[in-house]
Amino acid sequence: MAHRAGVSTATVSRVLNGLAGVKDSKREAVERACDELGYVVNGAARTLSSRRSMTIGAVVPTLATETFARPIAAFQRTVHRAGYTLLVASSGFDPQVELKEVTTLLAHGVDALMVVGQRHDPRMWERIERQKIPCVQAWSLDETRLSVGFDNLAVAEEIAQHLLDLGHTRIAMIVGTPPSNDRASDRIAGTRARMQMAGLELKPQWLIDSAFNLNEAREATARLLAMKPRPTAIICGNDLLAFGALLAAQALGVRVPEDLSVAGFNDFDYAAHLSPPLTTMRVALEDMAEQAGQCLLDTLAGKPHASLTRVDTQLYVRGSTGPAPSER
């Protein structure tokens, strides 16, 4: 470490222990060497190497939506009951930010971690494994690591099949898919696969993958409805985007479901109370988070726990989807 940073071992020690009296240039050189070598300072081990910190970390893409905010609350309740404190960070769907936040949590000596999805910077796993702490992936399934989630491909195929059964052949999607969002990417792949089985295509112009909030979903829907021909059904990445699609259709005088069918994802509390009530895929998000927390607690206690846990999903068919216009 000292050789890589070009400083003395005493300087390395002072930087790693957070002591003052080190020039900024030398501190930066040591921090750069730590990053290059994948070295993580374990704050708990510094002082109490024989006991746990009684903290558990979680890094999620964002806390601005119900998709993650409510499950994190359920996860926190689960670990709190066992006497653990939760430390939470968000990555903004950026793998490099996720790596930085995971590294920071490891440096604080967390006893376990929860992350989202199965697409991560490989260095994240190297650092977690070096610390020898359990880490569970949530929101998706991974045959090779601890995971609690659901099959995003399969649920997407189920939604697509529902619309195909209603006679829709022109199906669009509104989602937000940063490169690290394997869940949304899998849903696009599932929708495309089921349409291909029916001899149809998810047309590139009907896939809008840059909508992250209600207003962006409204704008995306307006663009789709201005196309000729236009889609007769829209699958949205979550219920908030679907709400935006319904508002756009209403503003443009497009009837739902007579002219356009809209489907969401997650079954948020308000989904059944929209006008019309939203057809959506319900995912037991809070149950998933509770099981992820229990998985970590069992692992920390040396108790057996399934390496892969599936949570329930169910398609709720409501008033926002109906027969394709051509079938009327």
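Where a number appears in this text, it was derived from the coordinates with a stated rule and is not lab data. Treat the numbers as computed from the prediction; the structure is a model and nothing was measured. Don't worry about glycine lacking a Cβ; one is built from the backbone with ideal geometry, like all the others, and counts go over all protein chains shown.
Under the combined filter of DSSP loop state and at most 16 neighbouring Cβ atoms within 10 Å, the stretch 236-278 retains these chymotrypsin sites (Phe, Trp or Tyr not before Pro): TYR270.
Are there GluC sites (Glu not before Pro) in the stretch 122-203 that DSSP puts in a loop and that have at most 15 other Cβ atoms within 10 Å, and which ones?
GLU143, GLU201
Taking 0.36 nm per residue of sequence separation and removing the Cα-Cα distance, the GLU36/ALA82 pair yields an extension gain of 13.0 nm. Kirkwood hydrodynamic radius of the stretch 121-221, from the reciprocal of the average inverse Cα-Cα distance over all distinct pairs: 15.5 Å. In this structure, GLU126 and THR169 have a Cβ-Cβ separation that, at R0 = 45 Å, corresponds to a calculated FRET efficiency of about 0.45. Cut-off 10 angstrom, C-alpha nodes, Gaussian network model of the chain. Which of ALA107, ALA211, ALA226 fluctuates the most? The residue with the greatest mean-square fluctuation here is ALA226. Extension gain, GLU258-ASP287: 0.36 nm per intervening residue step, less the Cα-Cα distance, totals 6.9 nm.
Between the beta carbons of GLU143 and GLU216, assuming R0 = 45 Å, the FRET efficiency works out to 0.85 to the nearest 0.05.
Tell me, Kirkwood radius of the stretch 51-141 from alpha-carbon pair distances, in Å? Walk me through the numbers before you get to the answer.
On the way: mean 1/r = 0.0761 Å⁻¹.
It works out to 13.1 Å.
Taking 1.002 mPa s as the viscosity and 20 °C as the temperature, the Stokes-Einstein diffusion coefficient of the stretch 265-328 based on its alpha-carbon Kirkwood radius rounds to 150 µm²/s. A Förster distance of 45 Å, applied to the separation of the beta-carbon atoms of ALA193 and ALA10, puts the FRET efficiency at 0.15. What whole number of Å gives the distance from the Cα centroid of the stretch 250-292 to the Cα centroid of the stretch 208-244? Cα centroid of the stretch 208-244 versus Cα centroid of the stretch 250-292: 13 Å apart. Extension gain, ASP24 to ARG70, is 12.5 nm, computed as 0.36 nm per intervening residue step minus the present C-alpha separation. Residues of the stretch 67-98 falling in the label zone of LYS303, defined by backbone nitrogen less than 11 Å from a point 7 Å along Cα to beta-carbon, are 82.
Shown for ASP267, ASP111: other C-beta atoms within 10 Å of each C-beta, ranked fewest to most, produce the order ASP111, ASP267. In nm, to one decimal, how far is the modelled label at ARG52 from the one at TYR316, with both set 7 Å along Cα→Cβ? Simple spin-label model gives 3.5 nm for this pair. If you build a Gaussian network model of the chain, linking Cα atoms that sit under 10 Å apart, which residue out of VAL283, VAL136, VAL15 swings the most? Residue with maximal mean-square fluctuation among VAL283, VAL136, VAL15: VAL15. Couplings 3J(HN,Hα) for the stretch 183-193, derived from phi with the Karplus relation 6.51 cos²θ - 1.76 cosθ + 1.60 (θ = phi - 60°), are 5, 5, 4, 5, 5, 4, 4, x, 5, 4, 5 Hz, where x marks Gly and Pro.
Taking the chain as a Gaussian network of alpha-carbon nodes connected by springs under 10 Å, the highest mean-square fluctuation of the residues ASP186, ASP24, ASP298 belongs to ASP24.
Just to be sure I understand: of the beta bridges DSSP finds with both ends in the stretch 167-273, what percent are antiparallel, rounded to 5? Can you show the working numbers first?
On the way: 1 of 10 bridges.
Among the beta bridges of the stretch 167-273, antiparallel pairing accounts for roughly 10 percent.
Taking only the alpha carbons of the chain, we obtain Rg and Dmax values of 23.3, 80 Å in that order.
Taking the DSSP beta bridges with both ends in the chain, the antiparallel portion is around 15 percent.
Relative contact order of the chain, taken over Cα pairs closer than 8 Å and 6 or more residues apart, is 17 percent.
Please rank GLU101, GLU290, GLU66, fewest neighbouring Cβ atoms within 10 Å first, as an exposure proxy. Could you put the intermediate results ahead of the total?
Numbers: GLU101 23, GLU290 19, GLU66 15.
Ranked by crowding around the Cβ, least crowded first: GLU66, GLU290, GLU101.
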